[in-house]
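The values are calculated or read from the model by the stated rules, or taken from the named source; none is laboratory data. Just so it is clear, the structure is predicted and the values come from calculations on it, not from any experiment. Cβ placement follows ideal geometry from the backbone for every residue including glycine, while neighbour counts extend to all protein chains displayed. Accessible surface areas use protein heavy atoms only, side chains included; no ligands, DNA or RNA. Shrake-Rupley method; radii C 1.70, N 1.55, O 1.52, S 1.80 Å.
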Amino acid sequence: MMERASLAIAALNYVTIEYIGGMRLIKAYNMGSRSFQKFSDTIHEENAVWNEMSRRMGPLYAAFVIIVECGMLFMVPVGGMFFLKGSFSAGIYLLFAFVGSLYFTELRPLQELGSGFAEVLNGLFKAKDILDIPAFEGGGAFPESCGIELRNVRFSYDGKTDALRNCNLKLPAGQKLALVGGSGTGKSTVIQLISRFYDVQEGEVLIGNKNVREIDYETLLKNISVVFQKSFLTRESVLENIRMGSNATLEQVREAARSAQIDAFIMSLPEGYDTKVGSFGSRFSGGEKQRIAIARAILKNAPILILDEATSAADPENQVEIDKAIHNLCCGKTVIIVAHRLSAIRICDQVAVVENQTITCRGTHEEVLECSAYYRKAWMDYETARQMEYRLKGGAAHGE
Ligand SMILES: Nc1ncnc2c1ncn2[C@@H]1O[C@H](COP(=O)(O)OP(=O)(O)OP(=O)(O)O)[C@@H](O)[C@H]1O
Ligand SMILES: [Mg+2]
């Protein structure tokens, strides 16, 4: 029951945060009732868990509390009866009444220990979950070359359904690849396998012709910068969020932030680089958070860069700044970009299409236009949208 209760609390926390964070979006898209449903379902589950817990534990717990709270009520008559029967003397009776009362008051911590014990058990269970995250040990030096390859990769998150299967990819060192494809097709999964957040179930992931399992894990992580789809910021200051535990000086951090087009914004904050980010980066916009994450990656300066573009559209001004930041970040690196906006393809040498849990087509932009119907359609839509944008801009210029 405790396990179900803690899952319910975790879900409730998660949904509450999501709900508060997305309040504007919910209003803007008039999604009130739909998102309320999720919120109210988690509250009902939480409620149901505690109701069931009370029903199951209630009688036992009530008996326990009565014994603890009203112990003297049992002891005085039972002890008195034995005394009257002559089983023991008045002195012993009084002694037991006295010691007994202490004993019952001492049961109170026992009561706390009871509920504490359940929590400890539950905590141990959760700790096991964390310890089960594989710690990769052993492995050798990072290879000379940074070419990336996936060979016949199969991977499943839950061991039942494949997130990727028969997946092949080859990116020579120093080149840039755009991964494109519909939502949920496996793009983020591909990049998580390259940075070995998970191990593949079949096939191989190679860097510089070396299986990632044979590279010392810390060294591997040092040589790969990942900018996630959802930028993760800690509660610390902006400075610490870019520095991320390195010994970089303020000037080095500012240099990275300048390249990421975010220095001027940070300097405009009342406390500049010492400004606290706040819980879940609440005081920054999505675009600003993303540029902070890019500054972090620029400062890390790893030879391999993996960038999962944010799905939510930033406003056009922010987007221009983000594009400049991405351009500075990618200079001279081996790069994989999950491109949600096809404009990112301009800086890439290769395109790979992820469909049906695999990479169906890869090559130059022109080659992929030839071989992938998905890409042809996506590119046509992108071009049409761009033409419309030009016409609108042109129209405005002529005062139409
Ligand atoms: N941590 C996880 N546990 C279980 N399933 C997951 C997990 N992450 C992703 N999946 C599932 O794996 C599949 C591929 O997800 P992935 O995140 O790679 O898609 P994506 O192409 O990056 O989508 P998007 O464009 O929306 O970001 C989806 O069906 C998704 O539900
Ligand atoms: Mg993704």
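Cα gyration tensor of the range 194-324, axes a ≥ b ≥ c as square roots of the eigenvalues: rounded (a/c below 1.5), prolate (a/b > b/c) or oblate?
On the way: a/c = 2.20, a/b = 1.74, b/c = 1.26.
The shape class here is prolate.
So what does Arg296 come to for accessible area, using a 1.4 Å probe and Å² rounded to 10?
50
Heavy-atom accessible area of Leu7 with all protein chains present, probe 1.4 Å, nearest 10 Å²?
Here the residue's solvent-accessible area equals roughly 100 Å².
In whole Å, how far is the Cα centre of the range 320-368 from that of the range 44-79?
Centre-to-centre distance over Cα atoms comes out at 63 Å.
Sort Met380, Met388 from largest to smallest accessible area, using a 1.4 Å probe on the heavy atoms of the protein chains. Kindly include the intermediate steps, with their values, before the conclusion.
Numbers: Met380 130, Met388 100 Å².
Putting Met380, Met388 in descending order of accessible area: Met380, Met388.
Can you sort Tyr375, Tyr93, Tyr157 by 1.4 Å-probe accessible area, starting with the largest? Don't skip to the end; give the middle numbers.
Working: Tyr375 0, Tyr93 45, Tyr157 115 Å².
Accessible-area ranking of Tyr375, Tyr93, Tyr157, largest first: Tyr157, Tyr93, Tyr375.
Taking a ≥ b ≥ c as the square roots of the Cα gyration tensor eigenvalues, with a/c under 1.5 meaning rounded and otherwise prolate when a/b beats b/c, else oblate, which class fits the range 299-366?
Working: a/c = 1.83, a/b = 1.28, b/c = 1.43.
Judged from the Cα gyration tensor, the range 299-366 comes out oblate (a/c at least 1.5, b/c at or above a/b).
Longer than 23 Å from Cα to Cα, which of Lys126/Lys187; Lys170/Lys210; Lys176/Lys210 are they? Say none if no pair is.
On the way: Lys126/Lys187 29 Å; Lys170/Lys210 13 Å; Lys176/Lys210 20 Å.
As for pairs spanning more than 23 Å Cα to Cα, those are Lys126/Lys187.
What figure, in Å² to the nearest 10, do you get for the accessible area of Ile66 with a 1.4 Å probe and non-protein molecules left out?
90
Could you order Phe284, Phe142, Phe82, Phe74 by accessible surface area, starting with the largest, using a probe radius of 1.4 Å?
On the way: Phe284 15, Phe142 35, Phe82 80, Phe74 115 Å².
Heavy-atom accessible area, descending, gives Phe74, Phe82, Phe142, Phe284.
Could you tally the net charge around Lys222, taking each other residue with its Cβ under 10 Å from the Cβ of Lys222, Lys/Arg +1 and Asp/Glu -1? List each step's numbers first, then the result.
On the way: positive: Lys300; negative: Asp216, Glu218.
So the environment of Lys222 carries a net charge of -1.
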